[in-house]
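Asker: Got a structure for you, questions after.
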Amino acid sequence: MAGLTAYLNDCGIVCALGASRAEVRARLFAAHSGVVPTGLYTPGCVLPLGLVDVALPSVEHHAIAARSRNNRMALAALAQIRPAVEHAIARYGADRVAVVIGTSTSGIAETEDAIARHVTDGGLPDAFHYGQQEMASPALMLAEELGIDGPALVHSSACSSSAKAMASAARLLRMGLCDAVLTGGVDTLCGFTVAGFSALASVSAQRCNPLGAGRDGINIGEGAALFLMTAERAAVALRGWGESSDGHHMSAPDPEGGGARLAIGQALARAGITAAQVDYVNLHGTATLQNDAMEARVVSDLFGGTVTASSTKPLTGHALGAAAAIEAALCWLAMQDDNAEGFLPPHLWDGVPDESLPPLRLALPGARLGRPLAWALSNSFAFGGSNAALLFGRGA
């Protein structure tokens, strides 16, 4: 099974760009940012956030412990691919299908509401259960929703969570432990994460400006992206992945990018291609001073100035544990047959480069290859030095 290819047969996505593949695709290639100013999570202070402002499916048919907005977001992404997933379950058997998800927030928002109620009312509301904030919740809920009996697990490693989930899904297939995996990531906004990143002075009061001289932090976002992954041939496959844990610092990346280089190198080696064959790099691109400086040096060293790159976080916000899956979905959309001209996910910024960084060839709005996008690399670098790189390839 070691040579098995992990194809991404279907994809569901909900994020600040939209609540369907068609809407997300249209707004992506139109360079229409979904980041909007709001005080919803910061009373008395307006910040730009990547909000999902649509009606989400109900989770009332699940136990209280599974009732969270995070799980509702996961169900919204599942709804787009549910027929394909159910077909896989019927074909392979419920015990041969797995669920591997990345998240970092789970039901923290419900805990925040419950604590607020406790302060005012002296007790926790009946609708609260501490299990709502358990990291395993989205995988367990999805498995129960679909009647899946195979492995169900969650990766929670901050911003690399869903990249690691997708790599784990591919390994399950290759080891022969299952025949299909529902994989991806989900994270939802809450006061805890906004306050936490604000305390680190990592949040921008403007739309984030990756690689710009005036960049000053991230815009937090939310969303979900789920894939059906099998060995059945499809337009896009996860051809390679790499993971490293350099442990350089609790919240700052290694300035030399040692762990990032290792993860990218592993992804290239696993796919059996060279850096020169990569058409496009989706940057982690948080628009913080240290992340962008590290990543620009690593990408420049490994790929030179020829590969086209962009950060899509000014479009979606940084969805933390779901970010890698959402960015994988944007790559997946760009690699479909209906993008024969190879339009690339655009890089939105103010156009003023940081002269201290090596220049990268950025995919400005409207950028295209003039041919189908064949190879796309997506980077994810998390707190604690948890690094991951996913390499997607088209066709056989």
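Here, each number is a calculation from the coordinates, and none is a lab measurement. Treat the numbers as computed from the prediction; the structure is a model and nothing was measured. Using ideal geometry, Cβ is built from the backbone for each residue, glycine included, and neighbour counts are taken over all protein chains shown.
Asker: Just to verify a result, which residue in segment 224-245, among those that are in a strand (DSSP E or B) and charged (D, E, K, R), is farthest from the chain's Cα centre (by Cα)?
Answerer: Arg239
Asker: Across segment 154-181, what is the number of residues that are within 15 Å of the chain's Cα centre (by Cα) and part of a strand (DSSP E or B)? Let's see the steps before the verdict.
Answerer: If we filter segment 154-181 for residues that are within 15 Å of the chain's Cα centre (by Cα), which is where we start, we get 154-169.
Narrowing the set further to residues that are part of a strand (DSSP E or B) leaves 154-155.
Within segment 154-181, residues that are within 15 Å of the chain's Cα centre (by Cα) and part of a strand (DSSP E or B) number 2.
For (1) crowded, with 17+ Cβ neighbours inside 10 Å; (2) small (Gly, Ala, Ser); (3) part of a loop (DSSP other than H, G, I, E, B), each residue gets a yes or a no:
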residue: Ala324; (1), (2), (3): yes, yes, no
residue: Leu330; (1), (2), (3): yes, no, no
residue: Asp338; (1), (2), (3): no, no, yes
residue: Gly351; (1), (2), (3): no, yes, yes
residue: Pro359; (1), (2), (3): no, no, yes
residue: Leu373; (1), (2), (3): yes, no, yes
residue: Asn387; (1), (2), (3): yes, no, no
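Asker: Within segment 1-40, count every residue that is among the basic types (Lys, Arg) and in a loop (DSSP other than H, G, I, E, B). Explain how you work it out, then say what you get.
Answerer: Start the filter on segment 1-40 by keeping residues that are among the basic types (Lys, Arg), which leaves 21, 25, 27.
Filter once more, keeping what is in a loop (DSSP other than H, G, I, E, B): none.
Selection size over segment 1-40: 0.
Asker: Go through the residues of segment 54-64 one by one and say whether even a single one is in a helix (DSSP H, G or I) and either in contact with a strand residue (DSSP E or B) (Cβ under 9 Å, 6 or more places away or on another chain) or under 21 Å from Leu189 (Cα atoms) (or both).
Answerer: Filtering segment 54-64 for residues in a helix (DSSP H, G or I) gives 64.
Checking which are either in contact with a strand residue (DSSP E or B) (Cβ under 9 Å, 6 or more places away or on another chain) or under 21 Å from Leu189 (Cα atoms) (or both) leaves us with 64.
Checked segment 54-64: at least one residue is in a helix (DSSP H, G or I) and either in contact with a strand residue (DSSP E or B) (Cβ under 9 Å, 6 or more places away or on another chain) or under 21 Å from Leu189 (Cα atoms) (or both).
Asker: For residues in segment 222-242 being of a type in the set (D, E, K, R) and farther than 16 Å from Pro138 by Cβ, which is surrounded by the most Cβ atoms within 10 Å (Cβ to Cβ)? Explain how you work it out, then say what you get.
Answerer: Of all residues in segment 222-242, those of a type in the set (D, E, K, R) come to 222, 232-233, 239.
Right, trim to farther than 16 Å from Pro138 by Cβ and you get 232-233, 239.
Numbers: Glu232: 13, Arg233: 11, Arg239: 22.
Here the residue is Arg239.
Asker: A further question follows. What is the residue count in segment 193-223 for residues that are in contact with a strand residue (DSSP E or B) (Cβ under 8 Å, 6 or more places away or on another chain) and either closer than 21 Å to Pro83 by Cβ or in a loop (DSSP other than H, G, I, E, B) (or both)?
Answerer: Number of matching residues: 11.
Asker: Moving on to the next point. Does Arg67 satisfy being buried (at least 17 other Cβ atoms within 10 Å of the Cβ), closer than 23 Å to Lys164 by Cβ and basic (Lys, Arg)?
Answerer: Details: buried (at least 17 other Cβ atoms within 10 Å of the Cβ): yes; closer than 23 Å to Lys164 by Cβ: no; basic (Lys, Arg): yes.
Criteria not met by Arg67.
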